[in-house]
Every structure is written in structure tokens, then in C-alpha cells.
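**Q** My questions all concern the structure below.
The values are calculated or read from the model by the stated rules, or taken from the named source; none is laboratory data. Remember, it's a predicted structure, so these values are computed and weren't measured experimentally. Cβ placement follows ideal geometry from the backbone for every residue including glycine, while neighbour counts extend to all protein chains displayed.
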Amino acid sequence: MKRILVTGGAGFIGSHLCERLINEGNEVICLDNYFTGSKSNVVHLINNPFFELIRHDVTHPYFVEVDEIYNLACPASPVHYQFNPIKTIKTSVMGAINMLGLAKRIKARILQASTSEVYGDPLIHPQPEAYWGNVNPIGIRSCYDEGKRCAESLFLNYHRQNSVDIKVIRIFNTYGPRMHPNDGRVVSNFIVQALKGQPITIFGDGSQTRSFQYVDDLVEGMMRMMQTPKAFTGPINIGNPNEFSMMELAREVIDITGSRSEIIHLPLPEDDPTQRQPDIALAKERLNGWEPKVQLREGLEKTISYFDNLLKSQP
Ligand SMILES: NC(=O)c1ccc[n+]([C@@H]2O[C@H](COP(=O)([O-])OP(=O)(O)OC[C@H]3O[C@@H](n4cnc5c(N)ncnc54)[C@H](O)[C@@H]3O)[C@@H](O)[C@H]2O)c1
């Protein structure tokens with residue numbers, strides 16, 4: 001049994017990770033300030049004696065003895081990370097410093113949840129890890145993108161300078177149950193709009209593509225990365241390379257929900273990348289043949305069922 005700290009553990013991805021880690025017989029300490037996460041995401045774990053839930057903000061130091069740290073604390077959707085951009089940068093940068101300091105002191109292995117946003121609006125396609133990205137350093141997304149880039153730099157520097165045992169994964173668009181219903185991300189947006197019979201809003205003409213990864217595939221990749229030999233730090237892409245246009249996604253959601261929603265078009269937001277797709281060759285090679293298993297239709301059905309129950313339970 002390992003003792004594992006998960007920051008941002010009450011969020012969408014974190015709650016699935018905590019659940020898997022507990023199910024595999026580990027002891028989990030879940031740290032969260034509940035900015036975008038909530039107790040309801042982990043309420044089913046609270047009675048488990050091997051699960052501890054702690055309200056804490058990662059911009060402040062935290063001390064605990066653990067074997068592994070998964071550092072996920074950071075708002076992930078533009079509506080939330082742009083709400084208080086300075087706080088977003090502090091969460092990424094000071095959160096990384098605090099958690100790396102802890103890992104160094106207690107000699108724990110630490111994994112950083114980085115993002116495909118480090119590639120910005122990419123000029124090569126699909127994006128391999130060796131690509132340095134095309135990020136606007138002063139745009140409205142930079143609080144997130146540059147915060148995550150700085151965190152990656154901190155991780156690699158703590159490794160080079162202090163031999164901290166680090167892992168960096170670059171997560172591509174992930175969806176699934178427990179996504180925040182109002183976070184403005186495309187999958188949850190379309191699903192909630194379709195279930196409420198509201199118009200489905202597509203930014204631009206809908207030809208821009210994204211690859212969507214189901215959360216279970218990500219959690220599997222994350223946990224495999226944590227178990228790789230010390231010499232392998234990453235960064236490594238974890239995502240589903242199957243691309244869909246926004247128009248295709250909207251049609252799939254309408255089809256599964258049987259909704260009568262119409263599709264309407266709005267102007268593209270500033271700095272919105274037109275295309276993003278992971279090159280997962282490195283993940284396949286280094287993570288024992290890991291690759292996404294859940295296809296879009298199956299993942300959407302599970303996610304739609306979650307949102308359907310959520311909306312029915314709300315007044
Ligand atoms: N969902 C995706 O598609 C995606 C893609 C790339 C990277 N990521 C990364 O994965 C991680 C988890 O993302 P998610 O989609 O689950 O988002 P989320 O917003 O659901 O989860 C983030 C969690 O961190 C907590 N948090 C935020 N600021 C904090 C702070 N200062 N101190 C303590 N806790 C704090 C939030 O309350 C929330 O529970 C994030 O680091 C995100 O950048 C997610």
C-alpha cells in the first residue's frame with residue numbers, strides 16, 4: 001500500500017484518479033480548495049478509512065509524508081482560469097514550487113498534470129513532445145499556458161538541480177462524468193444545451209477540430225507514467241488522437257440525446273487554437289503499449305447519462 005497525495009483531487013480528473021488509487025488498495029490524501037472542484041465529486045469515498053479530504057490551497061506550503069504526489073490543482077477551463085488570471089498563475093507556479101519542495105524534502109515521486117496548451121496554437125500537426133509550441137505570452141490564455149510552461153520548467157529544473165523524481169504528462173482535451181456543467185468546455189456545453197433543448201452554440205464555422213479523450217484512458221496513462229523508471233521524466237503526451245470537428249461532435253451529442261436543439265454559430269474567441277492533436281508514439285512506447293480504449297460514442301453516452309442525472313436532481 002502506498003500513501004499518495006492528489007492535489008486538485010476533488011476536481012473532475014482528480015476525483016477519478018482518487019477513486020482508481022483507492023480501488024487499487026492505496027491510501028489517498030486529497031487536497032483541494034474547492035475553487036472548481038467539490039466535495040460531491042468524492043463524497044462516495046469519504047467513508048473509506050484510507051481516504052482523507054483536506055481543504056487547502058496549493059499556493060501555501062503543505063507538509064505530509066507520502067510516497068507519491070499527483071499535482072493536478074489548477075482550474076482547467078478558460079472561464080475558470082480567466083476568472084482570476086493572477087491566481088491561476090500563482091496556482092500553477094507557486095503550487096509547483098510548494099509541491100516540488102515537499103517532494104524534495106520527503107523524497108517522494110511527483111507527477112505534474114501539464115497540458116497540450118503548452119503547444120499553444122501549434123504550427124505542426126500532430127504535436128510531438130519535442131515541439132516547443134507557439135504560445136502568445138501576453139494573451140488572455142497566457143495565465144494558464146505560461147503558468148503550465150513555467151511549472152514544466154520548474155519540474156525539470158528540480159530534477160536536474162536536486163534529483164527530484166519527477167514525471168510530466170501533457171494532457172489533451174479530456175471529458176467524462178463530473179466535468180463542471182458550467183465550465184464552458186465544448187463537450188459539457190453541448191451536452192447540457194442538448195439536454196435542456198437549448199440551441200447548441202458552435203464558435204466559428206465548426207470546422208475546427210479537437211481530439212477528445214475519455215477520463216478513464218487518461219487515468220490509466222497517468223498511473224502507468226507514475227510507475228516508469230526514474231530516468232524517464234517525460235514530458236509525455238496523453239490524449240486520444242482521433243480528431244472530430246465541432247460540427248461532428250454537436251451532431252453526435254444531438255443523436256445520442258435525441259435532442260431537438262438547433263445548431264447556432266458564434267464568433268471564435270481570442271487565441272482559440274484551430275487544431276490540436278496528440279502524437280502518442282512516445283506514450284505507446286514508454287507506457288507498455290498504452291493507448292486510448294474508449295471511443296467517442298461510448299464515452300459520450302456515459303457522460304450524457306451523468307449530466308442527465310445531474311440536471312434531473314437539480315430544481
Ligand atoms: N480536463 C482537461 O481536458 C485537461 C487538459 C489538460 C490539462 N488538464 C489539467 O488536469 C488538472 C485537472 O483538471 P480538471 O479538468 O480535473 O479540472 P478541475 O477544475 O475539475 O480540477 C482542478 C481542481 O483543482 C482545484 N484547485 C484549483 N486551484 C487550486 C488551488 N489553488 N489549491 C488547491 N486546489 C485548487 C479545483 O478546486 C479543482 O478541484 C489541471 O491541472 C488541468 O490543468 C486538464
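**Q** Testing Val58 on (1) within 18 Å of the chain's Cα centre (by Cα); (2) away from the ligand (no atom under 14 Å from the Cβ); (3) of a type in the set (Val, Ile, Thr), one condition comes back false. Which one is that?
**A** (2)
**Q** Right, next: Being part of a strand (DSSP E or B) and among the hydrophobic types (A, V, I, L, M, F, W, C) is the filter here, so list the residues in the range 230-245 that pass it.
**A** Scanning the range 230-245 gives Ile236, Ile238, Phe244.
**Q** Could you list, ordered by first residue, the pairs with Cβ atoms under 8 Å in which the first is in the range 170-184 and among the aromatic types (Phe, Trp, Tyr) and the second is more than 7 Å from the ligand (Cβ to nearest atom) and part of a strand (DSSP E or B), at least 6 apart or interchain?
**A** Within 8 Å, the pairs are Phe172/Ser211; Phe172/Gln213; Phe172/Asn237; Phe172/Ile238; Phe172/Pro278; Tyr175/Gln213; Tyr175/Tyr214.
**Q** While we're looking at this one, here's another question. Provide a single number: the residues in the range 263-290 that are farther than 17 Å from Pro122 by Cα and modelled with pLDDT of 95 or more.
**A** Number of matching residues: 13.
**Q** Next question, about the same structure. When you go through (1) farther than 19 Å from Leu21 by Cβ; (2) under 16 Å from the mean Cα position of the chain (by Cα); (3) among the polar types (S, T, N, Q); (4) modelled with pLDDT of 95 or more one by one for Asn84, which number turns out not to apply?
**A** (2)
**Q** So, one more: Report, by residue number, each residue of the range 61-89 that is within 9 Å of the ligand (Cβ to nearest atom) and either assigned to a loop (DSSP other than H, G, I, E, B) or in contact with a Lys or Arg (Cβ under 6 Å, 6 or more places away or on another chain) (or both).
**A** Leu72, Ala73, Cys74, Pro75, Ala76, Ser77
**Q** Another question about this same structure. Please specify each residue of the range 102-114 satisfying the condition of being in a helix (DSSP H, G or I) and away from the ligand (no atom under 15 Å from the Cβ).
**A** Ala103, Lys104, Arg105, Ile106, listed by residue number.
**Q** Let me ask something else. Can you tell me which residues in the range 274-298 are in contact with a Gly (Cβ under 7 Å, 6 or more places away or on another chain) and within 30 Å of Ile138 (Cα to Cα)?
**A** If the condition is that a residue be in contact with a Gly (Cβ under 7 Å, 6 or more places away or on another chain) and within 30 Å of Ile138 (Cα to Cα), then Pro278, Ile280 are the ones that fit.
**Q** Of all residues in the range 115-146 being over 23 Å from Leu268 (Cβ atoms) and under 19 Å from the mean Cα position of the chain (by Cα), which is nearest to the ligand (Cβ to nearest atom)?
**A** My answer is Glu129.
Let's see how each residue does on (1) within 17 Å of the chain's Cα centre (by Cα); (2) closer than 20 Å to Ile238 by Cβ; (3) more than 7 Å from the ligand (Cβ to nearest atom); (4) hydrophobic (A, V, I, L, M, F, W, C):
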{"residue": "Leu21", "(1), (2), (3), (4)": "yes, yes, yes, yes"}
{"residue": "Gly25", "(1), (2), (3), (4)": "no, no, yes, no"}
{"residue": "Leu31", "(1), (2), (3), (4)": "yes, no, no, yes"}
{"residue": "Phe35", "(1), (2), (3), (4)": "yes, no, no, yes"}
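**Q** Could you run through the range 227-248 and say how many residues are more than 12 Å from Ile169 (Cα to Cα), crowded, with 19+ Cβ neighbours inside 10 Å and under 19 Å from the mean Cα position of the chain (by Cα)?
**A** Selection size over the range 227-248: 1.
**Q** Any idea how many residues of the range 193-216 are surrounded by 21 or more Cβ atoms within 10 Å (Cβ to Cβ) and part of a helix (DSSP H, G or I)?
**A** Selection size over the range 193-216: 3.
**Q** If you don't mind, another one. Those residues that are of a type in the set (A, V, I, L, M, F, W, C) and buried (at least 21 other Cβ atoms within 10 Å of the Cβ), I need them from the range 1-28; list them, please.
**A** Ile4, Leu5, Val6, Ala10, Phe12, Ile13, Leu17, Cys18, Leu21, Val28 - these are the residues of the range 1-28 that are of a type in the set (A, V, I, L, M, F, W, C) and buried (at least 21 other Cβ atoms within 10 Å of the Cβ).
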